[in-house]
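Quick one: the structure is below, and I'll ask about it shortly.
The values are calculated or read from the model by the stated rules, or taken from the named source; none is laboratory data. Just so it is clear, the structure is predicted and the values come from calculations on it, not from any experiment. Note that we place each Cβ from the backbone using ideal geometry, even for glycine, and neighbour counts take in every protein chain shown.
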Amino acid sequence: MKLFPRQLLFGFGAVLLVAAWGQARAIAQDGSYSDARQLVQRVQDDLRHVKHEDVGNHKQEDHVEGALKHLSDFDRGLSNNRFDKDRLDAAIDHIRKVVDDNTIDAKTRDTLNEDIDSLRQLKELRGNM
């Protein structure tokens, strides 16, 4: 069986297409986790603001520290190309407790609610932002 130039060209083109698709997918995933890591950093900054807002409230500090720890663990997983939904859920739960159980100003409450919405969207998309 003799291969014609057209068949060789088609086969070579198919190989290139599959390789390019894999490369594009890897780049997209790196970019999405990069975006996810930026979101995590922003939420951590918002939580640190809350932590410094009311230093004497130990219950609030515990919730903030819990959220920061779970976000940090989640981010560490992202840096290793792993999406840990359970860590993200735990962080969201802690942030929700900060919003629901603590006395914080309205602007900070709105910011944290937006953070929760963004993290939930991240969870739904599994980092493919």
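Which one is modelled with the highest pLDDT, of the residues in the range 97-129 that are under 29 Å from ASN80 (Cα atoms) and not in a helix (DSSP H, G or I)? First the steps, then the outcome.
Step one: list which residues in the range 97-129 are under 29 Å from ASN80 (Cα atoms), which gives 97-98, 111-129.
Narrowing the set further to residues that are not in a helix (DSSP H, G or I) leaves 126-129.
On the way: ARG126: 83, GLY127: 61, ASN128: 65, MET129: 54.
My answer is ARG126.
Yes/no matrix, rows are residues, columns are (1) modelled with pLDDT under 90; (2) more than 17 Å from ILE104 (Cα to Cα); (3) in contact with a strand residue (DSSP E or B) (Cβ under 9 Å, 6 or more places away or on another chain); (4) not in a helix (DSSP H, G or I):
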residue: ASP30; (1), (2), (3), (4): yes, yes, no, no
residue: ALA36; (1), (2), (3), (4): no, yes, no, no
residue: VAL40; (1), (2), (3), (4): no, yes, no, no
residue: LYS51; (1), (2), (3), (4): yes, no, no, no
residue: ASP62; (1), (2), (3), (4): yes, no, no, no
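On to the next question. Across the range 96-124, which residue is surrounded by the most Cβ atoms within 10 Å (Cβ to Cβ) among those that are within 17 Å of GLN38 (Cβ to Cβ) and without any contact (Cβ under 8 Å) to a residue 60 or more places away in the chain?
ILE116
Evaluate the following for ARG82: is it modelled with pLDDT of 90 or more, part of a loop (DSSP other than H, G, I, E, B) and under 18 Å from GLN41 (Cα atoms)?
In short, yes.
Are there any pairs with C-beta distances below 7 angstrom linking a residue in the range 60-78 that is touching a residue at least 40 places away in the same chain (Cβ under 8 Å) to a residue that is small (Gly, Ala, Ser) and part of a helix (DSSP H, G or I), with the two at least 6 apart or on different chains, and if so which?
Filtered contacts from the range 60-78: LEU78/ALA36.
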